[in-house]
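Written out below as structure tokens is the structure these notes cover.
The values are calculated or read from the model by the stated rules, or taken from the named source; none is laboratory data. Given the structure is predicted, the values throughout are model-derived calculations rather than measurements. Every residue, glycine as well, gets a Cβ built from its backbone with ideal geometry; the counts of neighbours run over all protein chains shown. Heads up: the accessible areas ignore ligands, DNA and RNA and are worked out on the full protein's heavy atoms, side chains in. Shrake-Rupley method; radii C 1.70, N 1.55, O 1.52, S 1.80 Å.
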Amino acid sequence: MVKENIARIIEEGKEAFALATEEMVFAELEKKYLGRKSDLSDILKGLKDLSPEEKREAGPLANEGRLVLERAAEEARTRIASFKLASEEHIDITVPGRKPAVGHLHPITRLTHEVEDIFSTLGFSVVGGQEVETEFYNFDALNIPSDHPARDMQDTFWIDSEGLDSQYVLRTHTSSVQVRYMEAHTPPFRIVIPGRAFRNEATDASHEHTYHQFECLMVDERGKVTVAHFKHIAEMFFREFFGRDVKVRLRPSFFPFTEPSFEFDISCILCDAKGCPVCKQSGWLEIGGAGMIHQKVFEKAGYDAGKYQGFAWGFGLTRLAMMKYGVTDIRLFMDGDIRFIRQF
Ligand code: DAH
């Protein structure tokens, strides 16, 4: 009877250990078959109450059985440990990879490059300038004397210039580079001047204190560069920039540094000039100012009076970006919200 019991316990235990794959199950089995309160322990403890004959038979069997179970337990322990190791090291090749975060250029920077590329193919050179500029180059050199009401057109950030050689401002337009460039170069030349400009004014969806402009100049001897050149170059530029035919329209205007002066519009690229909310049903979009460079500006640069002629043209790159990407609030471009920038 005891003999059979021992044999049954051992068979059962061996099988259970052989099937165990988890630590928790193994711990239970160890308690059940090898613990102090296991059936086998009970049998061993009860040996003393058996007849000498039974004792002789059951004693060695029980001891041997315990060894068998200990061996089975040891095997199971090793196996479970190696399973665990394998599952910890397991590499799941179906898990989607993590993309490294790669930055990209700001949309305005990208557009600047695009505009520079287009003008380069038209034979223009790209020229830089300085954002902190003297009052002279920003205003006086452009035929905007200090008492002239035209100065009020541009709300200026004045820089405390006490003790400096000149009064400095944050340039209000890229036109400030015109005379700087002319002082160092003699026509003929064709240049573009991209850059930031600053206005000290209240901001809203269409006004921003910091924005990007583009200045374009083409100058040669008198009679060689006309308004027709400007119009043609403007049309070629916008065709390239928007990837479609665009008409340019000039309207008379006033700028102190050009004579004659124009505001110019392009046919609405959103509705093909049919009329939509963006062009306020007019079919035209206002783009910028232009004109034939005033002889006073050439004089400020030190050129001989009446010797040269050329056009100047300035437009807001930020505004073009808004049209190209359908952005309705100009402030988004410069307020540093990376969620906006990531969309481009
Ligand atoms: N500088 C002007 C502005 O910021 C734009 C402008 C108008 C530039 C006419 C030009 C020009 O070169 O000819 O409002």
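Tallying residues that are assigned to a loop (DSSP other than H, G, I, E, B) and hydroxyl-bearing (S, T, Y) within segment 85-102 yields 1. The number of residues in segment 91-120 that are without any contact (Cβ under 8 Å) to a residue 60 or more places away in the chain, within 26 Å of G291 (Cβ to Cβ) and among the β-branched types (V, I, T) comes to 0. Each residue in segment 86-109 was checked for being of a type in the set (A, V, I, L, M) and surrounded by 10 or more Cβ atoms within 10 Å (Cβ to Cβ), and 2 pass. Looking at A18, is it assigned to a helix (DSSP H, G or I), open to solvent by less than 60 Å² (accessible area, probe 1.4 Å) and of a type in the set (A, V, I, L, M)? So A18 fails the test. Selection over segment 196-205 of residues that are within 14 Å of the ligand (Cβ to nearest atom) and farther than 16 Å from Q130 by Cα gives a count of 2. Would you be able to say whether some residue in segment 129-149 is buried (at least 19 other Cβ atoms within 10 Å of the Cβ), in a loop (DSSP other than H, G, I, E, B) and away from the ligand (no atom under 12 Å from the Cβ)? The answer is yes; a qualifying residue exists. With respect to being more than 16 Å from the ligand (Cβ to nearest atom) and in contact with a Cys (Cβ under 9 Å, 6 or more places away or on another chain), A290 falls outside the description. Could you list all residues from segment 153-174 that are open to solvent by 10 Å² or more (accessible area, probe 1.4 Å) and within 11 Å of the ligand (Cβ to nearest atom)? Within segment 153-174, M153, Q154 qualify. One residue alone among Q281, Q309, Q343 is closer than 23 Å to S175 by Cα and open to solvent by 10 Å² or more (accessible area, probe 1.4 Å), and that residue is Q309. Here is the figure for segment 311-344: residues that are under 18 Å from E215 (Cβ atoms) and more than 14 Å from the ligand (Cβ to nearest atom) total 1.
Residue count for segment 253-270 satisfying the condition of being over 15 Å from W284 (Cα atoms) and more than 9 Å from the ligand (Cβ to nearest atom): 4.
As for segment 296-310, it holds no residue that is of a type in the set (F, W, Y), more than 31 Å from the chain's Cα centre (by Cα) and within 12 Å of the ligand (Cβ to nearest atom).
Of all residue pairs spaced 6 or more apart or on separate chains, those with beta-carbon atoms under 8 Å, a first member in segment 200-218 that is in the same structural domain as P187 (by TED's automatic domain parsing) and a second member that is of a type in the set (K, R) and in a strand (DSSP E or B) are T210/R196; Y211/R196; H212/R196; Q213/R196; L217/R190; M218/R190.
For E201, indicate whether it is in contact with a Lys or Arg (Cβ under 8 Å, 6 or more places away or on another chain), modelled with pLDDT under 95 and farther than 21 Å from K300 by Cβ. For E201, the condition - in contact with a Lys or Arg (Cβ under 8 Å, 6 or more places away or on another chain), modelled with pLDDT under 95 and farther than 21 Å from K300 by Cβ - is not met. Go through (1) among the aliphatic types (A, V, I, L, M); (2) more than 11 Å from the ligand (Cβ to nearest atom); (3) within 22 Å of R110 (Cα to Cα); (4) part of a strand (DSSP E or B) one by one and return the number of the condition I193 breaks. Failed condition: (2). Scanning segment 43-62 for residues that are exposed (fewer than 14 other Cβ atoms within 10 Å of the Cβ) and assigned to a helix (DSSP H, G or I) returns K45, G46, K48, D49, P52, E53, R56, P60.
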